[in-house]
């Protein structure tokens, strides 16, 4: 057998092997693809408005209809470029997030519900997040009392984004708590005799202050019952 013929046969075998290997590769999964699923804004202010943009690509082999977008918070508004996508089509989803009176690490989630031409349905999620730096910091973030024990708690206030602030008024949603305050502290005294013994309810402090972004800070108060008493009620 001539060397030329051997060479041709060898090349042919390599080509056949390459084609077989190519067709044996797993195909890309069919799905609605996100080019970016998370947008991190870093540090944010209270009462700030930020906008993010996501791109969605139809990698299914059939038409796709985006039926609805569910926002996890009313502080977010979204706008979709187009709802009907042919295979390979792209669309942009723009969302605006208003941080409001939020504080600390926070995120909002957008749930995108879709339906395919064959009536198969699915859902994907998109996230916008950031660390909201408040004008005024308070510690602790929640007050906890035992429902049958008279007690006193103190909240410490300190400047954060605001270098100077004033506390104008502090009030509570329940009469079981007596309040006194200065510029840097709020003292809360709990009277269990004025707290309903057979109900699980919540109470809140409102701190009226000089911040323009968060002029009425809300602090949660939780009155807990012991587990044994809770299971018997």
note = From the option list 42, 52, single residue qualifying as surrounded by fewer than 13 Cβ atoms within 10 Å (Cβ to Cβ), modelled with pLDDT of 95 or more and in a strand (DSSP E or B) is 42
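Given the criteria free of Cβ contacts under 8 Å to residues at least 24 places away in the same chain, outside the structural domain of residue 47 (by TED's automatic domain parsing) and part of a loop (DSSP other than H, G, I, E, B), does residue 119 qualify? Full working, then the answer.
On the way: free of Cβ contacts under 8 Å to residues at least 24 places away in the same chain: yes; outside the structural domain of residue 47 (by TED's automatic domain parsing): no; part of a loop (DSSP other than H, G, I, E, B): yes.
Spelling it out, it is not the case that residue 119 is free of Cβ contacts under 8 Å to residues at least 24 places away in the same chain, outside the structural domain of residue 47 (by TED's automatic domain parsing) and part of a loop (DSSP other than H, G, I, E, B).
For region 137-233, which strands (runs of 3 or more DSSP E) that fit wholly inside it have 1 or more residues that are outside the structural domain of residue 100 (by TED's automatic domain parsing) and in contact with a helix residue (DSSP H, G or I) (Cβ under 9 Å, 6 or more places away or on another chain)?
Qualifying strands (runs of 3 or more DSSP E): 142-146, 151-159, 177-181, 216-224.
Is it the case that region 86-102 has a residue that's loosely packed, with under 12 Cβ neighbours inside 10 Å, assigned to a loop (DSSP other than H, G, I, E, B) and either at negative phi or touching a helix residue (DSSP H, G or I) at 6+ places or on another chain (Cβ under 6 Å) (or both)?
Initial filter on region 86-102 (loosely packed, with under 12 Cβ neighbours inside 10 Å): 86, 88.
Filter again for assigned to a loop (DSSP other than H, G, I, E, B), leaving 86, 88.
Remaining after also requiring either at negative phi or touching a helix residue (DSSP H, G or I) at 6+ places or on another chain (Cβ under 6 Å) (or both): 86.
So far as region 86-102 goes, yes, one or more of its residues are loosely packed, with under 12 Cβ neighbours inside 10 Å, assigned to a loop (DSSP other than H, G, I, E, B) and either at negative phi or touching a helix residue (DSSP H, G or I) at 6+ places or on another chain (Cβ under 6 Å) (or both).
The values are calculated or read from the model by the stated rules, or taken from the named source; none is laboratory data. As the structure is a computational prediction, the values presented were derived from the model and not from experiment. Quick reminder, even Gly has a Cβ in these numbers, built from the backbone with ideal geometry, and neighbours come from all protein chains shown.
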